[in-house]
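A quick write-up on the structure given underneath.
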Amino acid sequence: MKILDIALNDFTRSVRSLFAIGMMVVAPLVITGLIYVAFSGAGSENSDLPIIQVGIVNLDQVPADVPVALGKTLADMYFDESVAGYIQPKIYPGEASVRSAINNQEIQAAVIIPAGMTAALMANQSVPPVRILQDPTLTIGPMVVKNMAQSLLDGIYGGSIAVQVHRQRFAVHGIAENSINLQSIIHDYEGWFTAFQRELFHSPQAALVLVTPQSAGEEAPSADPMAGILGQIMTGQMIFFAFFTGAYSMQSILKEQEEGTLARLFTTPTPRLTILGGKFLAVVFTVCGQGLVLLLVGRLLFKVQWGTPTSVLLTMLGQVASATGLGVLLISFVKHERQAGPVIGGGLTALGMLGGLFTVGMQMPEAFTRLANFIPQGWVLHAWRLSLNGAPSAEVFTTCLILVGMGATMFAIGGLRFNRRFA
Amino acid sequence: MNDDLAIEVKELRKSFGSLQAVRGISFQAAKGEILSLLGPNGAGKSTTISMLAGLIAPDGGQASIMGHSITSQPHQARACVGVVPQDIALYPDLSARENLSFWGKMYGLRGAMLKSRVEEVLQVIGLTERQHDRVGAFSGGMKRRVNIGAALLHTPAVIIMDEPTVGIDPQSRRYILDNVKELMRQGMTVLYTTHYMEEAAELSDHIAIMDQGQIIAYGTHDELIRLVGEQTRLDLGLSVEAEGILPAWQEVEGVFQATASDGIATVLVDDSNRVLPRLFESAGKAGVRINSVDIHEPNLESVFLHLTGKALRDD
Ligand SMILES: Nc1ncnc2c1ncn2[C@@H]1O[C@H](COP(=O)(O)OP(=O)(O)O)[C@@H](O)[C@H]1O
Ligand SMILES: [Mg+2]
């Protein structure tokens, strides 16, 4: 089969290229590995945990007669000695100063507590949101900071509900509401909650584990919480580099065009469709190979539980189909090899970002999340989340079907363009 | 259709935009002969070969290889020809053996047959020792040899070589020229393009001289030489600008043509022994000194000069 010979020839060349192996397999593993080493506490207990510098802006002004100050409680959490091992907080006067501190990389994340937060909560109005600013190149540190705030706010809202329930009870029983018993309720609740938080945030991993999976599926029972996080991080990396692999191996057709071997292939008694087919098949092989290696290494090295065999198979199918399709489509718009670098690098980074690959585990604005529905990478990520979380195969199957459809469409357009170019 | 013809080209035409690269050329190569297309850079040799190899479609005209039309039976035509492209077209990251093996498969060879042909070709191109080395690490001459070898694997009836000796060392060139002769001895038909007249002279049964998209002369080496008659070319170095003496030399008996450039006068004469003394005499009268004399008995270079008024090589 000449089509297989051509595909295998391409595959062999990719595997032999140090650059290709580096980008396809080594880079995603190294990135995941670095994160692993940084957070697994390998070595002595706390010494190599990264210190997260956090800027805090507290705009929540509370009148002297109000017994609670939510903004201060939130800010104090970052100063608590239980988190001193990995959080280094600093107070800033306003948003402008804290932004410039992030830009100058003095801090990695900032918590901005809005004005009127306590007042709104007390008046039972909707509370203005706490905002987290972050260094866009980082993910882990800001994630820890964000999850800490999230968890505290969840607690506070819970507390506010508790207060209201008490008030209603008092009213029902005709007990006059006075600031003394309200204060004692709040005080008790605060005491309990602070202890709870201390317990919760004994290490940054603990804060990370709070990351809530965004899928509808149930959270997989995972013995090692670190493996769950690594699974998510590695998924993002694997998808990004799978799409890179698709485009990169399709790029070999441009290289062959410039090296003259493509023209030479056309002088042999081999139909042009076979030649193009062989090239496309090579992309499929390479993306498959890359994915399998990463799945295996992820399982062995980082103990990632990818999901049931059926889910993994379906998700891989979707990943291979869409990464191949996008690779063929992208490269069909490129005329020369030297243009391919920017197209692959820029295009895939942008798509990866929009698909949510670099913000795995973070709560993103809804518009952003919705955008990912138009991006193949976003769907692959969705499929892996389902698989990681042990969602039913039927749900994974639907996602896989969407991915195969997307891949087939992109492949058809790209393939037709190539056919027109060379036949 | 003539059964003795390996290659038959009739009125083949190709333009790139407004540039007429090949302007309706016709030629034939009999089975088992070496035919050279000799012409300067830009003459249209590679374009002609690209059409024969099925890489680009002709604008008009016909061509067949071993009786198979390149337009209506391209697959059959391609199966009986091996094309050696002008530029090296190999996979630099694969070894010589892997390259040959891959190209053999593309010509439809498999299994034991493929293996034995790869080994034979490695022998022929003299790279058995280096077969496992990456082609990218080879010298220019060695790459050229693999480039040729890749077209020989399926023992094609016709082999088309586009300037296979450009830019290589004399030793590799010798090797290639001897290979080409050996191929012909084995019964292959060779279409060989070159802008080196020595190669055309040494190898060819027939030579087609090509210029500006046309074949301006065709014949055996001796037939072509006869086109310039018995003319001998004299290159004379002069002490002054040559233009002044040219009109006087045009009048000398036995001189066909006198031209000049850069202080060298080029004079085509019937017999140098008779004419040279007259040129010296005429120069003496005009007060011009002749510093050097080069005598060139007629060759393909002079044929080209005679036909086009310009030199074959610009280098
Ligand atoms: N693909 C092309 N597009 C435009 N012009 C071309 C192309 N290929 C060849 N030419 C032009 O056609 C002429 C003949 O070129 P070519 O066949 O390569 O000559 P040769 O092989 O004899 O040196 C040249 O003027 C060349 O610039
Ligand atoms: Mg050429």
* Go through the range B:120-173 and count every residue that is more than 19 Å from B:Val190 (Cβ to Cβ) and within 16 Å of ligand 1 (Cβ to nearest atom). => 1
* To do: Hey, could you check the range A:55-97 for residues that are more than 16 Å from A:Met117 (Cα to Cα) and assigned to a strand (DSSP E or B) and say which is farthest from the chain's Cα centre (by Cα)?
  => A:Ile91
* Within the range B:4-16, is even one residue assigned by TED's automatic domain parsing to the domain that holds B:Val166, within 16 Å of ligand 2 (Cβ to nearest atom), of a type outside the set (Gly, Ala, Ser) and in contact with a Pro (Cβ under 8 Å, 6 or more places away or on another chain)? -> yes
* If you check every pair at least six apart or on different chains, which have Cβ atoms under 7 Å apart with a residue in the range B:159-182 that is of a type in the set (A, V, I, L, M) first and a residue that is surrounded by fewer than 17 Cβ atoms within 10 Å (Cβ to Cβ) second? -> B:Ile168/B:Gly140; B:Leu177/B:Glu202
* **Among (1) away from ligand 1 (no atom under 14 Å from the Cβ); (2) touching a strand residue (DSSP E or B) at 6+ places or on another chain (Cβ under 6 Å); (3) at pLDDT 95 or above - the single one B:Gly44 does not satisfy** => (1)
* Among the candidates B:Ile56, B:Ile34, B:Ile7, B:Ile88, residue that is out of contact with any Gly (no Cβ under 6 Å at 6 or more places or on another chain), of a type in the set (A, V, I, L, M, F, W, C) and within 14 Å of ligand 1 (Cβ to nearest atom) -> B:Ile56
* Asked: Can you tell me how many residues in the range B:96-116 are away from chain A (no Cβ under 14 Å) and more than 28 Å from the chain's Cα centre (by Cα)?
  -> 4
* **Unique residue being modelled with pLDDT under 95 and among the acidic types (Asp, Glu) when the list is B:Asp169, B:Asp133** => B:Asp169
* List the number of the failed condition for A:Phe79; all other conditions in (1) modelled with pLDDT of 85 or more; (2) buried (at least 20 other Cβ atoms within 10 Å of the Cβ) hold. => (2)
* Which is part of a helix (DSSP H, G or I), within 12 Å of another protein chain (Cβ to nearest Cβ), within 23 Å of the chain's Cα centre (by Cα) and crowded, with 20+ Cβ neighbours inside 10 Å, of B:Arg144, B:Arg78? -> B:Arg78
* Asked: What pairs can you find where one residue is in the range B:11-24 and more than 14 Å from every other protein chain (Cβ to nearest Cβ) and under 12 Å from B:Ala63 (Cβ atoms), the other is outside any strand (DSSP E or B) and more than 14 Å from ligand 2 (Cβ to nearest atom), and their Cβ atoms are less than 7 Å apart, with a gap of 6+ or different chains?
  -> B:Leu12/B:Pro58; B:Arg13/B:Pro58; B:Arg13/B:Asp59; B:Lys14/B:Pro58; B:Lys14/B:Asp59
* To do: Go through the residues of the range B:284-292 one by one and say whether even a single one is among the β-branched types (Val, Ile, Thr) and at pLDDT below 85.
  => no
* To do: Answer yes or no as to whether A:Thr270 is facing another protein chain (nearest Cβ under 10 Å) and not in a helix (DSSP H, G or I).
  => yes
* If we keep just the residues of the range B:81-122 that are in a helix (DSSP H, G or I) and basic (Lys, Arg), which is farthest from ligand 2 (Cβ to nearest atom)? -> B:Lys115
* Set B:Ser26, B:Ser72, B:Ser50: member being among the small types (Gly, Ala, Ser), within 20 Å of the chain's Cα centre (by Cα) and surrounded by fewer than 19 Cβ atoms within 10 Å (Cβ to Cβ) -> B:Ser26
* Go through the residues of the range A:282-290 one by one and say whether even a single one is in contact with a Leu (Cβ under 9 Å, 6 or more places away or on another chain) and within 14 Å of chain B (Cβ to nearest Cβ). => yes
* To do: Quickly run through the range B:181-219 and pick out the residues that are part of a loop (DSSP other than H, G, I, E, B), within 16 Å of ligand 1 (Cβ to nearest atom) and either outside the structural domain of B:Thr48 (by TED's automatic domain parsing) or not hydroxyl-bearing (Ser, Thr, Tyr) (or both).
  => B:His195, B:Gln212, B:Gly213
* Structure fact -> Turns out the helices (runs of 4 or more DSSP H) fully within the range A:275-380 with at least 2 residues that are within 30 Å of A:Asp5 (Cβ to Cβ), at pLDDT 90 or above and in the same structural domain as A:Gln232 (by TED's automatic domain parsing) are A:309-332
* Among the residues listed as B:Glu241, B:Glu301, B:Glu251, the single one being closer than 30 Å to B:Glu33 by Cα and among the acidic types (Asp, Glu) -> B:Glu301
* Asked: Would the range B:79-96 turn up any residue that is in the same structural domain as B:Ile148 (by TED's automatic domain parsing), in contact with a His (Cβ under 6 Å, 6 or more places away or on another chain), within 24 Å of A:Ser14 (Cα to Cα) and in contact (Cβ under 8 Å) with a residue 24 or more places away in the chain?
  -> yes
* State yes or no: is A:Ala242 within 14 Å of chain B (Cβ to nearest Cβ) and crowded, with 18+ Cβ neighbours inside 10 Å? => no
* Asked: List pairs: first in the range A:1-16 and more than 9 Å from chain B (Cβ to nearest Cβ), second of a type in the set (D, E, K, R), Cβ under 8 Å, 6+ apart or cross-chain?
  -> A:Ala7/A:Lys279; A:Asp10/A:Lys279
* To do: Please specify each residue of the range A:371-404 satisfying the condition of being of a type in the set (Ser, Thr, Tyr) and surrounded by 19 or more Cβ atoms within 10 Å (Cβ to Cβ).
  => A:Ser387, A:Thr399
* Structure fact -> So, first residue in the same structural domain as B:Ser15 (by TED's automatic domain parsing) in the range B:38-50, second residue in a helix (DSSP H, G or I) and within 7 Å of ligand 1 (Cβ to nearest atom), Cβ within less than 6 Å, six or more apart or across chains; the pairs are B:Gly39/B:Lys45
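The values are calculated or read from the model by the stated rules, or taken from the named source; none is laboratory data. Predicted model only: the values in this text are computed from it and were never measured. Reconstructed Cβ throughout: ideal geometry from the backbone, glycine too, with neighbour counts over all protein chains shown.
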